[in-house]
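The next block holds one structure in the form of structure tokens; read it before the comments.
The values are calculated or read from the model by the stated rules, or taken from the named source; none is laboratory data. This one's a predicted model, so the numbers in the text were calculated from it and none came from an experiment. Here the Cβ positions follow ideal geometry from the backbone for every residue, glycine too, while neighbour counts run over all protein chains shown. Ligands, DNA and RNA are excluded from the accessible area calculation, which covers all protein heavy atoms including side chains. Shrake-Rupley method; radii C 1.70, N 1.55, O 1.52, S 1.80 Å.
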Amino acid sequence: RPSPQVVDYYKEACRALENSETASLLGKIQKDWKKLVQMKIYYFAAVAHLHMGKQAEEQQKFGERVIYFQSALDKLNEAIKLAKGQPETVQEALRFTMDVIGGKYNSAKKDNDFIYHEAVPALDTLQSVKGAPLVKALPVNPTDPAVTGPDIFAKLVPMAAHEASSLYSEEKAKLLRDVMAKIEAKNEVLDQFMDSMQLDPETVDNLDMYSHIPPILMEKCAALSVRPDTVKNLVQSMQVLSGVFTDVEASLKEIRDLLEEDEAQERKLQELLGKVPPPQGSSPPPSPGLAEVSKECSKYMEVHEKASFTNTELHKAMNLHIGNLRLLSGPLEQVRAALPSPTLTEDDKQVLQNLKRILGKVQEMRDQRTSLEQQLREMIQKDDITTSLVTTDRSEMKKLFEEQLKKYDQIKVYLEQNLAAQENVLKALTDANVKYAAVRKALAEVEHKWNTTVQTLVASYEAYEDLMKKSQEGKDFYTDLEGKAAKLLEKARAACQAAEANRQQILEKEMKKQPPPRPTAPKPALQKKPLELDAGGLDAGDLPPLGSLLLSELPEELRSL
């Protein structure tokens, strides 16, 4: 029943839009409104026939059900045609309704064709649906502010009253300017004084910070509490690193000693063979195997020296942080006890209390001044005597202004008292600050130590992961270097043994080349018989001299002897 009634209302609206007077009043939007209203007529008519079809289905009138659903589908198609250009929300509603009505129609037609076989009557032969209003329209009173809103002509007053109101507004502005000039002057003096004193009420007494562990330090302690082996792991890691470092250093030293020993043996050999020894500070050329060993040893020594510096720095950093890590891993009472805290006498505490009280007075004076200023501005903003000015004669305007401005006297008195109190408050603050100077210095020193200690402990915690990482990197580096040094040591030993064997062979060979010592037998008597030549027929001129014969038999190395 509501849908047909809505259709009737929209039809009345459509007829009103077709009126020539309405069309001329609306102008270009008349066509758009008319099209929208027609679309809604078709849409709600489709909804009405949808419900009629559902009612026919409940009454088992399957033929009527088909015609109602078919009519609803036709009207919805007309509504969709008229809805072109409408917002997406309208299009979405139409698509949803099409899904519902289309599904109902297809289902009803299929059931009737295959099951019920009822005749489908014409739509005009069925009883028309009439709408029924569900609410009663209320009459509209054009003079009711709840209906029409506030009176737009309420502020229409005579021009003379407007002029008088402007004059009164100027008087209020003058009063506000005078008061604000005094307030701003006092505020400027107060701000300059407080800046010079450098006193912050929130930090002048920071004793509470020493009674507990700061949150950032608590966080680090909590993180270490779930890892109780932190310090132990760090110490073990550094011990392993030191052991590998020592092994590498021992291997390289042994290689260097082997090379030096081989060099000394080579020098002795050269001296025995009678060769000119190399200049002082230089060494004889080693064998190719030892030369390669010496080159690799020098390279490893250079790398080891550079890494040794890094290793030393790492140990220093560990020694610096390990104590702090032990402290953070321990009970919280020890951590709190390790943080500096001030020691104040009763007189010092009294000085602090007095200073805090006066600073509170300064803040109270500021807040009261700001509040009074805000109240004065609000009073001036709301002060409107236009109604009184309409009924007041021009000659009485000045007197009326004076009477109206008296309402500000009380708040002006409060402001003047507030401004006058500033001098006494600042004098008391100056005296209190003089007594506070010594306490302030002591507190500043303790606060600096406290902050430094906290930062150091936090830095030690943050350095732990870095120390572990660098320690592991150092272990990996020295483990690799240890393997290389061990291989080089074996190579050096083999090369030195080969060089020693070579030197022994050279010595034995040289010893064999040397002639045996000649015997010292008595000289035989000279024979007068001439020397007989063998069957070769050589004469004396064919024999080499004796000296040249002896020299030719010596090895090349011994001829210089």
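Brief remarks follow.
- What the phi angles of the stretch 367-380 give under the Karplus curve with 6.51, -1.76 and 1.60, with θ = phi - 60°, is a coupling list of 4, 5, 5, 5, 5, 5, 4, 5, 4, 4, 5, 5, 4, 5 Hz, glycine and proline written as x.
- Residue-level accessible surface for residue 477, protein heavy atoms, 1.4 Å, Å²: 80
- Residue order for 512, 40, 406, 172 - accessible surface, 1.4 angstrom probe, largest first: 512, 406, 40, 172
- Integer Hz, Karplus 6.51/-1.76/1.60 couplings in order for the stretch 3-18, x for Gly and Pro: 4, x, 5, 5, 4, 5, 4, 5, 5, 5, 5, 5, 5, 5, 5, 7
- Working ranking of peptides 80-86, 64-70 by packing, defined as the average number of other Cβ atoms within 10 Å per residue, highest first, is 64-70, 80-86.
- Packing-based ranking of 19-25, 420-426 yields 420-426, 19-25, ordered from highest to lowest mean Cβ neighbour count within 10 Å.
- Averaging the Cα positions of each part gives two centres, and for the stretch 50-69 and the stretch 355-428 these lie 80 Å apart.
- The listed residues 165, 341 rank as 341, 165 when sorted by accessible area, largest first, using a 1.4 Å probe.
- Amide hydrogen proximity for residue 385: with H placed 1.01 Å from N in the peptide plane, no residue at 5 or more positions away or on another chain lies under 5 Å.
- Per-residue HN-Hα couplings for the stretch 385-396 [Karplus 6.51, -1.76, 1.60; θ = phi - 60°; Hz; x = Gly/Pro]: 10, 4, 4, 5, 5, 5, 9, 9, 6, 4, 5, 9
- Area of residue 256 that stays accessible when all protein chains are in place (1.4 Å probe, Å², to 10): 80
- Protein accessible area in the stretch 1-137, 1.4 Å probe - carbon and sulfur %: 54
- Between residue 127 and residue 88, residue separation times 0.36 nm minus the direct Cα-Cα distance comes to 10.5 nm.
- Relative packing of 106-115, 3-12, which averages over residues the other C-beta atoms within 10 Å, highest first: 3-12, 106-115
- With all protein chains modelled, accessible area of residue 372 [1.4 Å, Å²]: 20
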